[in-house]
């Protein structure tokens, strides 16, 4: 078995594929993605938005020589008020390692508990809400899988043409770089993610490069 895959931080990066939402009128909407590791399909990630509640379900299986080298199963529920997180519950199994994160808005803070420590974050906290362009102006975002409160540097790359559901589509390309604590110039990068939005600011695609150099791609189906 490929030794790199034993420590492959896929779940960490994948989870940063987004678990949040923005305030909308009462309706249901779904973003269903096929997920690829380099060129191989490894699973799917489906986000369902109903009023102000988002349900996220992801399941991945990486095989090497017909053996299960990496498995990831994640579920999360988030409640939002406008652009601020009100409640969070996430459950993840990554290669048999279980993680639970809970978060709740109080009168003064958004309190996050991962079973190891409790953090008091700003009252208006956002996770990686890729479908809400407001995240592009945030300097810090919450990873709901492991409760890391990440410093983020977000830049606009420019106009691009990508394939969405088999059609060439004009899009605006952005890049997010995340670090954990300290000077961003000195801190070890935790994530590198690229996003594409339509002219109507609809989230279309995502590509991420893991610390080990793997390429993860989300394609709308």
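Out of 83, 73, 114, one residue alone is out of contact with any strand residue (DSSP E or B) (no Cβ under 9 Å at 6 or more places or on another chain), in contact (Cβ under 8 Å) with a residue 12 or more places away in the chain and surrounded by 15 or more Cβ atoms within 10 Å (Cβ to Cβ). It is 83. Only one entry in 150, 191 is at pLDDT below 95, surrounded by 13 or more Cβ atoms within 10 Å (Cβ to Cβ), part of a strand (DSSP E or B) and touching a helix residue (DSSP H, G or I) at 6+ places or on another chain (Cβ under 7 Å), namely 191. Test residue 68 against the criterion of being closer than 21 Å to residue 217 by Cα and without any contact (Cβ under 8 Å) to a residue 24 or more places away in the chain, and give yes or no. In short, yes. Restricting attention to region 61-106, the residues being more than 21 Å from residue 132 (Cβ to Cβ), modelled with pLDDT under 95 and not in a strand (DSSP E or B) number 4. Filter region 189-204 down to the residues that are within 12 Å of the chain's Cα centre (by Cα) and closer than 21 Å to residue 44 by Cβ and list them by number. Hits for region 189-204 are 191, 193, 194, 195.
Taking the criterion of being surrounded by 14 or more Cβ atoms within 10 Å (Cβ to Cβ) and over 14 Å from the mean Cα position of the chain (by Cα), the residues of region 92-111 that qualify are 93, 94, 95, 99, 101, 102, 103, 104, 105, 109, 110, 111.
In region 162-173, the count of residues that are part of a loop (DSSP other than H, G, I, E, B) and under 26 Å from residue 89 (Cβ atoms) is zero. Suppose the filter is under 20 Å from residue 206 (Cβ atoms) and either in contact with a strand residue (DSSP E or B) (Cβ under 9 Å, 6 or more places away or on another chain) or touching a residue at least 24 places away in the same chain (Cβ under 8 Å) (or both); does residue 48 pass it? Considered against the rule, which asks whether it is under 20 Å from residue 206 (Cβ atoms) and either in contact with a strand residue (DSSP E or B) (Cβ under 9 Å, 6 or more places away or on another chain) or touching a residue at least 24 places away in the same chain (Cβ under 8 Å) (or both), residue 48 comes out as yes. Annotation note: Cβ proximity below 7 Å between a residue of region 167-179 that is without any contact (Cβ under 8 Å) to a residue 24 or more places away in the chain and a residue that is surrounded by fewer than 18 Cβ atoms within 10 Å (Cβ to Cβ) and in a strand (DSSP E or B) (sequence gap 6+ or interchain) occurs for 168/161; 173/157; 173/158; 173/160; 173/194; 175/155; 175/157; 175/194. Out of curiosity, is residue 136 surrounded by 14 or more Cβ atoms within 10 Å (Cβ to Cβ) and within 26 Å of residue 101 (Cα to Cα)? Against the criterion (surrounded by 14 or more Cβ atoms within 10 Å (Cβ to Cβ) and within 26 Å of residue 101 (Cα to Cα)), residue 136 qualifies. Can you tell me which of 208, 155 is outside any loop (DSSP other than H, G, I, E, B), touching a helix residue (DSSP H, G or I) at 6+ places or on another chain (Cβ under 6 Å) and either at pLDDT 90 or above or under 30 Å from residue 70 (Cα atoms) (or both)? The unique qualifying residue is 208. Being in contact (Cβ under 8 Å) with a residue 60 or more places away in the chain, touching a strand residue (DSSP E or B) at 6+ places or on another chain (Cβ under 7 Å) and over 19 Å from residue 216 (Cα atoms) holds for only one residue in 99, 90, and it is 90.
The values are calculated or read from the model by the stated rules, or taken from the named source; none is laboratory data. Remember, it's a predicted structure, so these values are computed and weren't measured experimentally. As a convention, Cβ positions derive from the backbone with ideal geometry for all residues, glycine included, and neighbour counts pool all protein chains shown.
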